[in-house]
1. Please enumerate, by chain and number, the aspartates and glutamates with C-alpha under 16 Å from the C-alpha of Lys101, excluding those fewer than 8 residues away in the same chain.
2. Determine one quarter of the surface area of the Cα convex hull of the chain, which equals its mean projected area, and express it in nm² to one decimal.
3. Assign unit charges at the C-beta atoms only (+1 for Lys and Arg, -1 for Asp and Glu), then state the dipole size of the stretch 77-155 relative to its Cα centre in Debye, rounded to the nearest 20.
4. Sorting Asp15, Asp43 on the 10 Å Cβ count, fewest up front, what's the list?
5. Which of Phe82, Phe106, Phe141 has the fewest other C-beta atoms within 10 Å, and how do the rest follow up to the most?
6. Angle between the Cα long axis of helix 78-87 and the longest principal axis of the chain, 0 to 90 degrees, nearest 10?
7. Please name whichever of His125, Thr108, Ser98 sits farthest to the positive end of the charge dipole of the stretch 77-155, dipole taken about the Cα centre and charges placed at Cβ: Lys and Arg +1, Asp and Glu -1.
8. With runs of 4+ DSSP H residues as the only contributors, calculate the mean residue ellipticity of the chain at 222 nm using -39,500 (n - 2.57) per run, divided by the residue total and rounded to the nearest 500.
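None of the figures in this text is laboratory data; all of them are computed from the coordinates on show. It should be emphasised that the depicted structure is a prediction, and the values quoted were computed from it without experimental measurement. Neighbour counts run over all protein chains shown; Cβ positions are idealised from the backbone, glycine included.
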Amino acid sequence: MNMLGLIPGREADADLAVKHYLRAGDDARAMNALGVIYYIAPDPFEQDPQRLAGFKAVRRDRKKALSLLKRAAEKNNVQAHFNLGAIHLDETVKETFSFSKAYEHFKTAASLGHTLAAYNIGVMHFTGLGTFKSCNVANAFLKHVVTMGEDSINM
């Protein structure tokens, strides 16, 4: 809430969010949130005040982000698996780009009930990215997503 500026009368404050999440210690949800913050934060050389707004002293650290997300995923945090899948599809980071790794994380997240991960699995089977191409498997996953409805979409 502090990071996003969702508290009335408060601006976004990633520093405060990081402090709160660090106090949570070994909590998988906190590790996932920290991982996302460190992944999306401005890089250390950023100078644009608009891009820096809300992040204050917090800067991008993709190694730390991946470590936190992996630890959260090891605790079966569904959102961490989804986020790792998304990171493996980030073409701007060559070291982590992998369709097959993305597929594996989306598959785990989908098995834990993550609707958008199930959608991604369907699309990946339809296109053959990271897995075998199969319209039947894609159709099964996409039908499942439709039956779940928009109220089930995990964010």
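1. Leaving aside aspartates and glutamates fewer than 8 places away in the same chain, those within reach of Lys101 are Glu74, Asp90, Glu91.
2. Numbers: hull surface 40.8 nm².
Orientation-averaged projected area of the Cα hull: 10.2 nm².
3. On the way: 5 positive and 6 negative charges, 53 e Å.
The calculated dipole for the stretch 77-155 is roughly 260 debye.
4. Arranged by neighbour count, lowest to highest, Asp15, Asp43 become Asp43, Asp15.
5. On the way: Phe82 26, Phe106 30, Phe141 23.
Arranged by neighbour count, lowest to highest, Phe82, Phe106, Phe141 become Phe141, Phe82, Phe106.
6. 90
7. Farthest along the dipole direction, towards plus: His125.
8. Working: 8 runs with 90 residues, N = 155.
Value at 222 nm, helices only: -17500 deg cm²/dmol.
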